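Worksheet: one structure, shown below.
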Amino acid sequence: MKNIRNFCIIAHIDHGKSTLADRLLEYTKTISERDAQAQLLDNMDLERERGITIKSHAIQMEYKVAGENYIFNLIDTPGHVDFSYEVSRSIAACEGALLIVDASQGIQAQTISNLYLALEHDLHIIPILNKMDLPGAMPEEVKDQIVDLIGCDRDEIIPASGKTGLGVDKIIEAIVERIPAPVGNPDGPLQALIFDSVFNSFRGIIAYFKVLNGEIRKNDKVKFVATGKEYIADEVGTLKLNQEPKSVIKTGDVGYIISGIKEAREVKVGDTITKVDNPGEAIIGFEEVKPMVFAGIYPVDTEDFEELREAMHKLQLNDASIVFEPESSAALGFGFRCGFLGMLHMEIIQERLEREFGMTVITTVPNVSYKAYMTKGKEEIIVNNPSDLPDPSKLDLIEEPYIKANIITKSDFVGPVLSLCIQKRGTIVNQSYLTSDRVELVFEMPMGEIVFDFYDKLKTISKGYASFDYHQIGYRQSDLVRMDIRLNGDPVDALSSLIHRSNAYNFGKKICEKLKELLPRQQFEIAIQASIGAKVIARETVKAMRKDVTAKCYGGDISRKRKLLEKQKEGKKRMRQVGSVEIPQSAFMAVLKLD
Ligand SMILES: Nc1nc2c(ncn2[C@@H]2O[C@H](COP(=O)(O)OP(=O)(O)OP(=O)(O)O)[C@@H](O)[C@H]2O)c(=O)[nH]1
């Protein structure tokens, strides 16, 4: 145990975590340079393209220092806020963390939030100044920031470059010298923390764990505490480039278990593995991950509903964090109301549906999860879909989730960032200067306001010089109303939204204007209205027009005429009918992109 080092790498997105991890793997000869495809740790296609580590992974290295053999377990953590619970469990499995800061960018919002998580778990921090090879590197300035942030000595900071390999030897040395060995009782009852799981189509779910106490052997009868399920440990082993089966994984070490589990839902990150006889207690800190953002997903072609259902089920096999239930919409037909960890997670699912299953889908306006309390009996109702909101006359109050947002930007942009946040109903709770021209702003704001376009706007107004991170801080009462969109009097359920009363007028007006642009003229006039209850708050009109697609075909070429009519029919399939009005698919997406 004394020669094991468990550590993770924490960094803001794109500060070079994966690249540096590759260098460590090469240096310890865990992989040869030839094996090192662009970035080994991100092995999901989508991840590589997006350059975001979506799922955390772990890999073991062996290295000899001063005649002694060491085992390094590197636990990779996802960098995006949507996956923060996974980050916290990965961190809980470590004793130390490499804190990577891009020398040309300095400390960013996620550097800080991940650092706090690491400090909460008492990890030893090794600060690393990465990308020293860049001409824009500002080592002295960024060192100041790091010293200010974590209160370390200046010479504890290791200058490095994932590109040139600078500093990798120093990092290895520091891992051995500065990160403490794991502690635990090898003779105690088994307690192993699950920090991740992956799906393998041949072997089922593979759970990654760290043994805190006791040991786990092949063929042990084990129990997963939170789910209460029992399994036989068909295979345990360590994670090298591939899985290496072992007969036992002992206290302090990291490994994997395969036990014939078919569904991701049965393996919960944060759960404890113990033995059926002589069980240990659950490790504290387990939380059920809850979806934060909800949206409807509908097949473009209504006939593909069953196919979509199958695809969703398959996705759920390897991504337990997505939830869905069937719903139907007058405008869109049959589909699913899906819950996601966040906006990025939602985009990923949408993309996977397209790529892996060839499904094109319509996604409705996303919303967060609200709590409504009835006047009668104060009954609490969870509202994941605006159309589920009970009649306002029967409602006592509505609550919405709030977040604490951390924004780091240049001092030039403090004004615009402040006004954006205030416009999004945020209140500032702290403002502090990290250096003379970098400011950290802390806001409390409704989560519903950031699901739309907050991040894009923030990037635009700050010319890219703002980083943003958040965590939830509970529910607060709010003056929320349901706004409906009507076309010639018929409500389009898929366009309903829950919104703060003060924003309703503006938002309603914008949607109506946008729809006016998007609705093709039809043979009658179309009234587009935004309403709260019976009260109309905005209105636009699309004038009537008779569109004769064959008008261009003077002359009598019948085949050409037929072709045009066919084309029109094909187009119609992609339209949705509400009452008498046809709505193009793009209209459902367009509300997401309101300026
Ligand atoms: N010049 C230079 N570029 C680097 C260095 N390290 C990484 N990069 C580049 O920076 C970009 C981001 O590197 P990654 O290793 O993917 O960053 P990451 O932190 O793992 O990113 P996420 O997984 O998205 O959080 C890539 O284009 C790398 O090629 C470095 O030391 N010097």
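Values quoted throughout were computed directly from the atomic coordinates according to the rules given, and no laboratory measurement underlies them. The structure presented is a predicted model; accordingly, all values stated were derived computationally and were not measured. Glycine also receives a Cβ, built like all others from the backbone with ideal geometry; neighbour counts cover every protein chain displayed.
What to note about this one:
- Potential lengthening between Glu287 and Val442 on full extension [0.36 nm per residue; Cα-Cα distance subtracted]: 53.2 nm
- The range 248-398: C-alpha gyration tensor shape, a/c 1.5 cut-off, then a/b vs b/c: oblate
- On the beta carbon distance between Val176 and Leu241, with R0 = 30 Å, the FRET formula returns roughly 0.85.
- Here the translational diffusion coefficient of the range 183-249 follows from Stokes-Einstein with Rh set to the Kirkwood radius across Cα pairs; for 20 °C and 1.002 mPa s it amounts to 169 µm²/s.
- Zone of Tyr475's modelled label, taken as backbone nitrogen in the range 320-340 under 14 Å from a point 7 Å along Cα→Cβ: none
- Gyration tensor (alpha-carbon) shape descriptor, the range 247-296, a/c threshold 1.5: prolate
- The convex hull defined by the C-alpha atoms of the range 210-297 has an orientation-averaged projected area of 7.4 nm².
- Taking the alpha carbon gyration tensor of the chain, multiplying each eigenvalue by 5 and rooting it gives semi-axes of 48, 29, 25 Å, largest first.
- Overall size of the range 371-494 from C-alpha positions, given as principal axis extents largest first: 55, 38, 17 Å.
- As computed over the range 310-370, the Cα convex hull volume per residue (Å³): 94 Å³
- Separation in nanometres of the label points that stand 7 Å from Cα toward Cβ, at Thr302 and Asp14: 4.4 nm
- Per-bin percent of Cα-Cα distances, the range 406-558 [5 Å]: 2, 8, 14, 14, 12, 11, 10, 9, 7, 5, 4, 2, 2, 1, 0, 0
- Evaluated over the range 105-164, the Cα radius of gyration and Dmax, each in Å: 11.7, 36
- Secondary-structure-derived ellipticity at 222 nm for the chain, considering helices only, amounts to -7500 deg cm²/dmol, per-run term -39500 (n - 2.57) for DSSP H runs with n ≥ 4.
- The protection proxy used here, the mean number of other Cβ atoms lying within 10 Å of each residue, ranks peptides 280-290, 520-530, 192-202 as follows, highest first: 192-202, 520-530, 280-290.
- FRET efficiency for Lys371 and Leu134, using Cβ-Cβ distance with R0 set to 41 Å, rounded to 0.05: 0.30
- Between the C-alpha center of the range 491-512 and that of the range 326-340 there is a gap of 19 Å.
- Extension gain, Leu418 to Ala534, is 38.2 nm, computed as 0.36 nm per intervening residue step minus the present C-alpha separation.
- Shape descriptor for the range 354-429: Rg over Rh equals 1.15 (Cα atoms; Rh from the Kirkwood inverse mean 1/r).
- At R0 = 30 Å, FRET efficiency that the Cβ-Cβ distance of Lys378 and Ser502 yields, to 0.05: 0.70
- Spatial separation of Cα centroids for the range 126-141 and the range 205-276, in angstrom: 39 Å
- Under 12 Å of direct C-alpha separation, and excluding same-chain neighbours fewer than eight residues apart, Lys543 reaches these aspartates and glutamates: Glu517, Glu525.
- Over the chain, relative contact order from alpha-carbon pairs under 8 Å, at least 6 apart, %: 9 percent
- The range 146-257: C-alpha pair distances exceeding 22 Å, %: 49 percent
- When each of Lys17/Lys131; Lys290/Lys424; Lys223/Lys290; Lys143/Lys457 is checked by Cα-Cα distance, pairs over 20 Å: Lys290/Lys424; Lys223/Lys290; Lys143/Lys457
- Stretchable slack from Lys394 to Asp456, in nm (0.36 nm times residue separation minus alpha-carbon distance): 18.6 nm
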